[in-house]
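A quick write-up on the structure given underneath.
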């Protein structure tokens, strides 16, 4: 089956931009779709990046400039994918511009989903909302980016700043919040170290500190060298925050010393969880992607196929797959781009030979198979009366779910019919032939 030499990248953050630029550099056509008016995603909201303290805006600006001057890359901002049909090598995609409501149809051979994440905002969950001086780490990063790190209540520079880690992460039994967001510890520690430049007392209240990755432990060490205070609390007995006359007070027990402590921060910063972005359900349905318990998209196999999905021809990259920092995101994006270019360079792709096949004379038009198929490979041919189930072989993975569920036995698996399986079982159970013969 031929492959259209054109890739669609969904998401214009750092992962989407990296994937699109890599494909463009290999001479293949690529279209980048971003639902926001501007490119950059979450990285554009940050101040500086660890480990080299480079401005996030500089990194994004270089990538955006490269994208805008590239010959093979088309950028569609303020736009969304509204419909996807077809199969590996030949996807028909409809993209709608949110500003004009105009739609455009594209034929692509591969798709990379890089829809990113959103930082969780604990609306209605104390201490968030108790005071304007209780903010999230993402909100602090935007303040730092704009050089406006001020207490929202007074407009003054904060001298006492407290950070609280793992807010909305690693909560057993809380659906969507059981995972570790991975980036939070290093990002929180770096932000605390940065705040020593304007504050007098900077304190981190933590359950665990997980500064993994190349150069991350150096960030942790730097915070200690800048006299950031670290205090470990008991997750089963969380800190208590109160507000009196506009002043914040936080009380907790340090489990390392056993002391009951109290701190009066001018600014309380919550390092909140990394969550799937708004509209992830729609994206999941459009591209027939499954999701894990934390809400992010599942890969085909965590070890053997971490970039591809169960929908052939659709790859995932960056935080669309799981919570991760920008370094891991761009690495995965380059890998997904390599997968897409490899597919297009082949020009053709072989599909699975063991696929479902409908015996039209037995089909009762019950729609059971179409409903059961996890890959959307079965539709109903309404041109026939009564309508008949039809299998799109390029989308079929040969899982057999439809054949097992069909009440009329109208679906069989090529090369795995009942007769073939029975013959194999009989051959296996047949006693071995006697050879040699005669008595010795």
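The values are calculated or read from the model by the stated rules, or taken from the named source; none is laboratory data. Values in this document were obtained by computation on a predicted structure and should not be read as measured data. Glycine gets a Cβ as well: all are built from the backbone with ideal geometry, and neighbour counts include every protein chain shown.
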If residue 225 satisfies every condition in (1) at pLDDT 95 or above; (2) surrounded by 14 or more Cβ atoms within 10 Å (Cβ to Cβ) but one, which is the exception? (2)
Tally the residues that are outside the structural domain of residue 367 (by TED's automatic domain parsing) and closer than 18 Å to residue 360 by Cα, restricting the search to the range 386-440. 0
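Of the residues 28, 50, which is modelled with pLDDT of 95 or more and crowded, with 19+ Cβ neighbours inside 10 Å?
On the way: 50 fails: modelled with pLDDT of 95 or more.
When all the criteria are applied, what remains is 28.
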Conditions first: (1) under 24 Å from residue 24 (Cβ atoms); (2) surrounded by fewer than 22 Cβ atoms within 10 Å (Cβ to Cβ). Residue 317 passes all but one, so which condition is the exception? (2)
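Evaluate the range 237-253: report whether one residue or more is more than 18 Å from residue 128 (Cα to Cα) and without any contact (Cβ under 8 Å) to a residue 12 or more places away in the chain. Talk me through it step by step, then tell me what you get.
Applying the first criterion (more than 18 Å from residue 128 (Cα to Cα)) to the range 237-253 yields 253.
Next, only the ones that are without any contact (Cβ under 8 Å) to a residue 12 or more places away in the chain stay: none.
No: zero hits.
What helices (runs of 4 or more DSSP H) completely inside the range 279-383 contain at least 2 residues that are touching a residue at least 12 places away in the same chain (Cβ under 8 Å) and out of contact with any helix residue (DSSP H, G or I) (no Cβ under 8 Å at 6 or more places or on another chain)?
Values: elements: 280-286, 326-346, 368-372.
So the answer is 280-286, 326-346.
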Which one of these does residue 406 not meet: (1) touching a strand residue (DSSP E or B) at 6+ places or on another chain (Cβ under 7 Å); (2) surrounded by 17 or more Cβ atoms within 10 Å (Cβ to Cβ); (3) more than 29 Å from residue 112 (Cβ to Cβ)? (1)
Residues of the range 233-243 being modelled with pLDDT of 95 or more and surrounded by fewer than 18 Cβ atoms within 10 Å (Cβ to Cβ), which ones? 240, 242, 243
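Do we have residue 361 as surrounded by fewer than 13 Cβ atoms within 10 Å (Cβ to Cβ) and in contact with a strand residue (DSSP E or B) (Cβ under 6 Å, 6 or more places away or on another chain) here?
On the way: surrounded by fewer than 13 Cβ atoms within 10 Å (Cβ to Cβ): yes; in contact with a strand residue (DSSP E or B) (Cβ under 6 Å, 6 or more places away or on another chain): no.
No; evaluated as a whole, the condition is false for this residue.
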Please enumerate the residues belonging to the range 201-220 that are in contact with a strand residue (DSSP E or B) (Cβ under 6 Å, 6 or more places away or on another chain) and under 19 Å from residue 167 (Cβ atoms). 202, 203, 204, 205, 206, 207
Would you say residue 368 is farther than 25 Å from residue 2 by Cα, buried (at least 16 other Cβ atoms within 10 Å of the Cβ), assigned by TED's automatic domain parsing to the domain that holds residue 396 and out of contact with any strand residue (DSSP E or B) (no Cβ under 6 Å at 6 or more places or on another chain)? yes
Is it the case, given these coordinates, that residue 176 is part of a loop (DSSP other than H, G, I, E, B), at pLDDT 95 or above, on the phi > 0 side of the Ramachandran plot and outside the structural domain of residue 328 (by TED's automatic domain parsing)? no
Please specify each residue of the range 251-296 satisfying the condition of being surrounded by fewer than 21 Cβ atoms within 10 Å (Cβ to Cβ) and under 23 Å from residue 150 (Cα atoms). 262, 263, 264
Only one residue in 415, 367 is modelled with pLDDT of 90 or more and at positive phi. Which one? 367
Checking residue 424 against (1) surrounded by 13 or more Cβ atoms within 10 Å (Cβ to Cβ); (2) out of contact with any strand residue (DSSP E or B) (no Cβ under 7 Å at 6 or more places or on another chain); (3) not in a loop (DSSP other than H, G, I, E, B), only one condition comes out false. Which one? (1)
Kindly indicate whether residue 212 is in the same structural domain as residue 317 (by TED's automatic domain parsing) and closer than 23 Å to residue 331 by Cβ. no
Those residues of the range 280-290 that are under 20 Å from residue 177 (Cβ atoms) and at pLDDT 95 or above come to a total of 3
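For residue 396, indicate whether it is touching a strand residue (DSSP E or B) at 6+ places or on another chain (Cβ under 6 Å) and modelled with pLDDT under 90. Walk me through how you get there before you give the answer.
Details: touching a strand residue (DSSP E or B) at 6+ places or on another chain (Cβ under 6 Å): yes; modelled with pLDDT under 90: yes.
Yes.
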